[in-house]
């Protein structure tokens with residue numbers, strides 16, 4: 001493991017920590033790999049899946065949705081393991097590097113085996129790899145900052161999120177095209193290469209990073225049991241079920257929205273877009289809306305009311321409900337035998353993406369700054385665990401509504417209206433609960449030292 005570096009920061013600086021560019025580059029390549037693989041899973045399972053004899057073994061749309069959300073739920077549950085290994089035993093750097101290699105093997109397993117067995121093994125390795133590194137990577141970003149430049153954290157978390165969406169923009173355009181024209185071997189292989197590049201970029205930054213040492217098992221248990229830390233964890237847990245329902249809806253742009261797009265008029269700009277390519281508008285809108293919200297909307301709204309993290313979070317819940325209301329209305333037209341323009345789904349993406357900026361970026365930053373000493377990675381699991389719970393809910397719904405004959409109990413517009421009602425109820429409940437939140441900010445004083453606040 002590289003030698004730990006302790007830097008003495010000036011009282012206040014505008015300088016970017018030297019390790020940040022490597023983290024951002026790694027994140028862009030890793031997100032290219034994940035979202036490239038992620039966006040073709042449902043099309044692969046419904047159109048390309050084979051059995052051991054080389055015969056088609058395709059799933060129905062409802063079955064594929066259930067499998068897909070189960071995988072995503074596992075990928076966002078396993079961060080608990082990665083956080084424990086990083087915070088208590090090995091440190092963030094070694095955990096990220098080791099599990100990135102596991103991640104690469106998962107991609108290449110999908111590339112080489114197009115059966116259900118290959119699907120299970122490949123997705124299991126990817127879930128372990130991506131899940132294990134998730135809390136460590138985002139916490140590692142925050143570790144690079146001190147009290148001298150903590151005012152830059154919000155801005156650089158936005159750039160961190162920008163890197164995520166820059167990588168996913170390219171991959172959600174390219175990888176569905178590769179699946180359509182080159183087949184699953186190439187389509188899954190390219191994300192594997194991208195993940196290998198991400199691993200190399202991270203390794204190259206090893207001497208630039210601030211490396212906070214792991215606490216050790218005894219110290220970790222002591223930190224976890226401190227009343228102040230337990231109180232912080234319990235406070236942050238209040239947000240988890242609300243964020244979970246947001247992700248239960250958001251993640252469906254990779255599943256039920258793709259299935260819906262098959263029945264829509266996707267002809268735009270002289271091109272007939274593939275259903276899985278429509279997802280590309282989400283990262284594009286993220287790239288556009290992040291600076292718009294940060295530098296225009298928040299300052300303007302702030303002139304009239306105080307723009308707090310919890311208010312941004314609550315607004316994100318309402319935006320998700322509005323997005324699904326548009327999708328439900330589109331589905332009523334499809335159920336009536338029409339083929340509405342894909343522009344309606346793109347409008348829903350605008351609203352959903354606004355909700356993502358309001359809720360996800362806020363929750364990510366909030367989770368880090370509210371995390372107690374030596375528990376940054378573990379607390380990031382609460383942010384990621386919300387995504388896991390949301391996908392578990394959606395997977396459970398899709399498993400429950402399956403009938404033995406392959407039909408579904410909730411079908412067509414009724415499926416989407418169900419989620420509108422759930423989300424509206426969640427947003428209303430948040431209005432009642434949020435005033436009771438009491439938190440505390442924890443930022444390290446200098447690299448290698450932390451302030452408990």
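The values are calculated or read from the model by the stated rules, or taken from the named source; none is laboratory data. Predicted model only: the values in this text are computed from it and were never measured. Cβ: placed from backbone, ideal geometry, glycine included. Neighbour counts: every protein chain shown.
Annotations for the structure displayed:
- Test for residue 180: is it outside any loop (DSSP other than H, G, I, E, B) and either at pLDDT 95 or above or closer than 30 Å to residue 313 by Cα (or both): no
- Evaluated against (1) over 15 Å from residue 69 (Cβ atoms); (2) out of contact with any strand residue (DSSP E or B) (no Cβ under 9 Å at 6 or more places or on another chain); (3) assigned to a helix (DSSP H, G or I); (4) touching a residue at least 12 places away in the same chain (Cβ under 8 Å), residue 406 falls short on exactly one condition, (3).
- Filter result (within 17 Å of the chain's Cα centre (by Cα), over 9 Å from residue 349 (Cβ atoms) and buried (at least 20 other Cβ atoms within 10 Å of the Cβ)) within the stretch 272-288: 280, 283, 286
- Total residues in the stretch 1-38 satisfying the condition of being farther than 25 Å from residue 98 by Cα and at pLDDT 90 or above: the figure is 0.
- Test for residue 55: is it modelled with pLDDT of 90 or more and in contact with a strand residue (DSSP E or B) (Cβ under 9 Å, 6 or more places away or on another chain): no
- Annotation: of all residues in the stretch 233-247 being surrounded by fewer than 21 Cβ atoms within 10 Å (Cβ to Cβ) and over 12 Å from residue 385 (Cα atoms), the one that is modelled with the highest pLDDT is 238.
Yes/no matrix, rows are residues, columns are (1) part of a helix (DSSP H, G or I); (2) under 24 Å from residue 37 (Cβ atoms); (3) in contact (Cβ under 8 Å) with a residue 12 or more places away in the chain:
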| position | (1), (2), (3) |
| --- | --- |
| 185 | yes, yes, yes |
| 192 | yes, yes, yes |
| 197 | yes, yes, yes |
| 202 | yes, yes, yes |
| 210 | no, no, yes |
| 219 | yes, no, yes |
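- Filtering the stretch 159-173 for residues that are out of contact with any helix residue (DSSP H, G or I) (no Cβ under 7 Å at 6 or more places or on another chain) and either closer than 30 Å to residue 359 by Cα or not in a helix (DSSP H, G or I) (or both) leaves an empty set.
- Check on residue 230, more than 24 Å from the chain's Cα centre (by Cα), within 30 Å of residue 434 (Cα to Cα), surrounded by 14 or more Cβ atoms within 10 Å (Cβ to Cβ) and modelled with pLDDT under 85: no
- Residue that is out of contact with any helix residue (DSSP H, G or I) (no Cβ under 6 Å at 6 or more places or on another chain), in contact (Cβ under 8 Å) with a residue 60 or more places away in the chain and crowded, with 19+ Cβ neighbours inside 10 Å, where the choices are 35, 93, 76, 103: 93
- Qualifying residue in the stretch 121-143 (condition: over 21 Å from the mean Cα position of the chain (by Cα), part of a helix (DSSP H, G or I) and modelled with pLDDT of 95 or more): yes
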